[in-house]
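*Asks:* For reference, the structure I am asking about is given below.
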Amino acid sequence: MPLRGPREVPREKEHPVKTKKLLTGIAAASALVLALAGCSGDRTGGGAEGDTEGAIVGVSMPTQTSERWIADGDNVKASLEDLGYKVDLQYANDDISTQLSQLENMISGGAKALVIAAIDGTALTEVLDQAAAQEIPVIAYDRLINGSEHVDYYTTFDNFEVGVQQATSLVTGLGLLDESGAETGATGPFNVELFGGSPDDNNATFFWNGAMSVLEPYMESGVIVVPSGQTQFEQAAILRWDPATAQDRMDDLLTVIGGTKLDGVLSPYDGLSIGIISALTAGGYSASDLPIVTGQDAEEGSVKSIIAGEQYSTIFKDTRLLGAQAVEMVDAVLNGDEPEVNDTETYDNGEKIVPSFLLESTIVTVGNYEKVLIESGYYDKGTF
Ligand code: BGC
């Protein structure tokens, strides 16, 4: 496994601010418990306090078909265990009913908190009612859970900004912006096809809207042309983020646009980019004349593809930081503290605005992958 677990990354280095806050949180919780216990507490290093020691936390992840979710699950589990929790980590094979029954089992198995990366963000209302009946707090992990008031906190990246970054890297690759981000004045027209993420994942529309905020002005002025005419999210969305579905859609698009040569493809996730590049290669593009293809997650295979000059860019989201944030939220909530949030406006799930902590992401290309991915310790040196 190329991604390092949290135990291998010195925490102060990994995220000094967060680490400090986590430690401060633990210290505060510790002081509170000691006070309540009449100062008779006898702390054994690193564990959760009082009745949270040994408490079970259910961690529900969507799939193991993408490296990032495996890393997320591993990081969250290890960090919770470091704090003395027991962890029930489950992956749901991108199947909604599997995720529902795994969550029901966590609740009946005595979980004291749930961390959930939803497959379908609208399908969890009833199971969250069950969690609420047992007073089990719920942290939405990376993907917002919609249609339930029982979502206590949300930790994710700035998803609109991720879309902005994807489209910014696309137009940079096309030559519309230079490396400093300044307009070059190029007029194209550039032929670009658009892909969106899974329509049941709340993030997908954020990515799309962020990307469109960059691309639309170029589309309106005719500098970017979408030869298929498929410019709506509903036309571009790929259910369950499935690479094979993206490959099929790219095949179909090549048929629809005939001999028109593509200059770019907006892809919102590395797995889709792999499918898209396979279709392009099968459709006659060679490695040297592939269009500019974007991505997300800095997955190992896609970073290799970027180094090989096939995929152009990806977006790095440091899952170590996301995991640490989720663990901090769980630990705070279970110790009666308020978790730190930095956004109380953006994530309206239809029932409430879920208090959120948003992290930042980074565009990765062949020019900076060593600095961003290797020097940060996210990947081992020998990976690429
Ligand atoms: C995540 C992305 C990921 C996608 C597919 C989204 O919810 O935010 O990082 O690429 O799911 O797994």
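*Asks:* Going by average Cβ neighbours within 10 Å, how do the peptides 81-87, 118-124 rank, with the highest at the top? Let's see the in-between values first.
*Replies:* Numbers: 81-87: 17.9, 118-124: 22.4.
Per-residue Cβ counts within 10 Å, averaged per peptide and sorted highest first, yield 118-124, 81-87.
*Asks:* How fast does the chain diffuse by Stokes-Einstein, in µm²/s, taking the Kirkwood radius from C-alpha pairs at 37 °C and 0.692 mPa s?
*Replies:* Details: Rh = 21.8 Å.
The estimated diffusion coefficient comes to 151 µm²/s.
*Asks:* When DSSP assigns beta bridges and you keep just the ones with both residues in the range 159-316, what percent turn out antiparallel, to the nearest 5?
*Replies:* Bridges in the range 159-316 are about 10 percent antiparallel.
*Asks:* So, R0 is 35 Å and r is the distance between the beta-carbons of residue 375 and residue 261; what FRET efficiency does that work out to, to 0.05?
*Replies:* Numbers: r = 37 Å, r/R0 = 1.06.
In this case the efficiency is close to 0.40.
*Asks:* Shifting gears a bit: Going by average Cβ neighbours within 10 Å, how do the peptides 102-111, 63-72 rank, with the highest at the top?
*Replies:* Values: 102-111: 17.4, 63-72: 19.3.
Result, highest mean Cβ count within 10 Å first: 63-72, 102-111.
*Asks:* Right, here's the next one. What ranking do 212, 219, 61 get, fewest neighbouring Cβ atoms within 10 angstrom at the top? Don't skip to the answer; put the middle values down first.
*Replies:* On the way: 212 20, 219 16, 61 26.
Neighbour counts put them in this order, fewest first: 219, 212, 61.
*Asks:* Roughly how many debye, to the nearest 20, is the charge dipole of the chain about its Cα centre, given +1 on each Lys and Arg Cβ, -1 on each Asp and Glu Cβ, and no other charges? Write down the numbers at each step before the final one.
*Replies:* On the way: 22 positive and 59 negative charges, 164 e Å.
Charge dipole, the chain, about its Cα centre: 780 debye, nearest 20.
*Asks:* Would you mind calculating the relative contact order of the chain from Cα pairs under 8 angstrom and at least 6 residues apart, reporting the percent as a whole number? Mind showing how you got there, number by number?
*Replies:* Details: 743 pairs, mean separation 68.1, N = 384.
Over the chain, the number comes to 18 percent.
*Asks:* Fewest to most neighbouring Cβ within 10 Å: what's the order for 306, 363? Don't skip to the answer; put the middle values down first.
*Replies:* Details: 306 24, 363 19.
Least crowded to most crowded, the residues run 363, 306.
*Asks:* As a test, work out the antiparallel percent of DSSP beta bridges whose residues both lie in the chain, rounded to the nearest 5.
*Replies:* On the way: 7 of 35 bridges.
The answer is about 20 percent antiparallel.
*Asks:* Find, among the chymotrypsin sites (Phe, Trp or Tyr not before Pro) in the range 254-358, those assigned to loop by DSSP (not H, G, I, E, B) with at most 14 other beta-carbon atoms within 10 angstrom. Please list the in-between numbers first.
*Replies:* Values: sites: 269, 285, 312, 316, 347, 357; in loops: 269, 285, 312, 347.
Within the range 254-358, no chymotrypsin sites (Phe, Trp or Tyr not before Pro) qualify (loop, at most 14 other Cβ atoms within 10 Å).
*Asks:* Which loop GluC sites (Glu not before Pro) in the range 263-359, with loop taken from DSSP, have no more than 10 other Cβ atoms within 10 angstrom of their Cβ? Please report the intermediate quantities before stating the final value.
*Replies:* Working: sites: 299, 300, 310, 328, 340, 345, 351; in loops: 299, 310, 340, 345, 351.
In loop regions of the range 263-359 (DSSP not H, G, I, E or B), the sparsely surrounded GluC sites (Glu not before Pro) are 345.
*Asks:* Right, something else. Out of every Cα-Cα pair in the range 251-319, what percent are more than 20 Å apart?
*Replies:* Values: 536 of 2346 pairs.
Tail of P(r) above 20 Å: 23 percent of Cα pairs.
*Asks:* Arrange the following residues from fewest to most other Cβ atoms within 10 Å of their Cβ: 319, 255.
*Replies:* Details: 319 26, 255 10.
With the fewest neighbours first, 319, 255 line up as 255, 319.
*Asks:* For residue 278 and residue 337, calculate 0.36 nm times their separation in residues minus their Cα-Cα distance, and state this gained length in nm to one decimal.
*Replies:* Numbers: separation 59, 0.36 × 59 = 21.24 nm, distance 4.91 nm.
Answer, rounded to one decimal: 16.3 nm.
We did not get these values from a lab; they are worked out from the coordinates using the rules stated. All figures in this text were calculated on a predicted structure; none of them were measured in a lab. Methodologically, a virtual Cβ is constructed for each residue, glycine included, from the backbone with ideal geometry; neighbour enumeration extends over all protein chains shown.
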